[in-house]
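The values are calculated or read from the model by the stated rules, or taken from the named source; none is laboratory data. These numbers come from a predicted model, not from an experiment. Cβ atoms come from the backbone with ideal geometry, glycine included; neighbour counts cover every protein chain shown.
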Amino acid sequence: MVDLILKLKDNLRVIVQILFTVLTNGYVSGFRNGGIYQGSLKQICVPGLNCYSCPGALGSCPIGALQSVLADSNSRFPFYVIGFLFAFGAAFGRFVCGWLCPFGLFQDLLYKIPFYKKTKNLFGHKYLRYLKYIILFVFVLILPLIVVDIIGQGSPWFCKVICPSGTLMGGWTLTLLKPGLKENLGWLFTWKSFILILIIVLSILSYRPFCKYVCPLGAVYGCFNPVSFYRYNVDSKKCIQCKICQQTCPIEIPIYDKPNSLDCIRCGKCIKSCPHHAITMNKSIKE
Amino acid sequence: MRKSIISGIFFITGLLFIIIGFTNGERAVVLQKAIRICLECIGIG
């Protein structure tokens, strides 16, 4: 019994990730009938990158919802979606990425696949990590607003040309469940499948490449990492800067120096690995 | 302490924005998009 509890504790993050993915994609009828959930729960955003065209999705993707409101012909400031991002970001920062995002779980599982030469970060990591901010501004915020049709309706550009989560959870899944859709597939599906396959391959070679370099939702939540309620603290009296935390970190963040880096997904490996227990959570709330 | 105040301000602002969005019709826009298969998202265009 003690062994079981210890094992559960060691794998707590994966268990939470799986449970939350199942919870937010629990519309079984969608998988059975090849349709999507159309109930009122869909007006509620889920915190992770979870395409609302997934047959099982019970909520809305915040990035998809943000683009929808911006692209709407009755242009309005997206109070609801921005409010959701502010509230979740301020509370959790990128804890969402590490513990609640289905596409993050997908990449975590892919990285477990053995490969003879794995790397934590890709070549050019120092500059590539800024790509997600460019994608956020250009594809999520600007293009839906300014590239409009004759009636003033825009498109969700990130969802349309980039999002591999939508391709995996929506495109590939619905095409398998509804063979009739295949007749309507064209170059866009091919392009998005290429992006998804690229992310899959890179996720086997390197840790969470989509989260580090592409995800606009991670870019938003990351901005809150330094100030969110859930954040890390390094006790300078205990820390001897041995850098074990950095070596253990799957993204090689120097946690001893930057415990609340914009890239940290709060996996907690640094806390477990620190031999002097210098890294803690939430102490800042007591300040 | 200062960081907690900043996050508190963002959190409360977020909640206020959610309430505004719920009352100004934005929720309906989100729902209308979410209950239809997003052809752009799945790659049909």
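Quick one: which of A:Tyr130, A:Tyr207, A:Tyr116 is farther than 19 Å from A:Cys61 by Cβ and buried (at least 17 other Cβ atoms within 10 Å of the Cβ)? Exactly one residue qualifies, and that residue is A:Tyr207.
Among residues belonging to the stretch A:104-152 that are assigned to a helix (DSSP H, G or I) and basic (Lys, Arg), point out the one that is modelled with the lowest pLDDT. Ranking the qualifying residues of the stretch A:104-152, first place goes to A:Lys126.
Of the helices (runs of 4 or more DSSP H) entirely within the stretch A:208-271, those holding at least 1 residues that are more than 18 Å from A:Phe86 (Cβ to Cβ), touching a residue at least 60 places away in the same chain (Cβ under 8 Å) and not charged (D, E, K, R) occupy A:209-213. For A:Arg231, state whether it is of a type in the set (Lys, Arg) and within 14 Å of chain B (Cβ to nearest Cβ). Yes. Listed by position, the helices (runs of 4 or more DSSP H) enclosed by chain B that each have at least 2 residues that are without any contact (Cβ under 8 Å) to a residue 24 or more places away in the chain and more than 7 Å from chain A (Cβ to nearest Cβ) are B:2-23, B:26-34.
Candidates A:Pro102, A:Pro62, A:Pro47: the one that is in contact with a Gly (Cβ under 8 Å, 6 or more places away or on another chain) and either buried (at least 21 other Cβ atoms within 10 Å of the Cβ) or under 21 Å from A:Gly166 (Cβ atoms) (or both) is A:Pro102.
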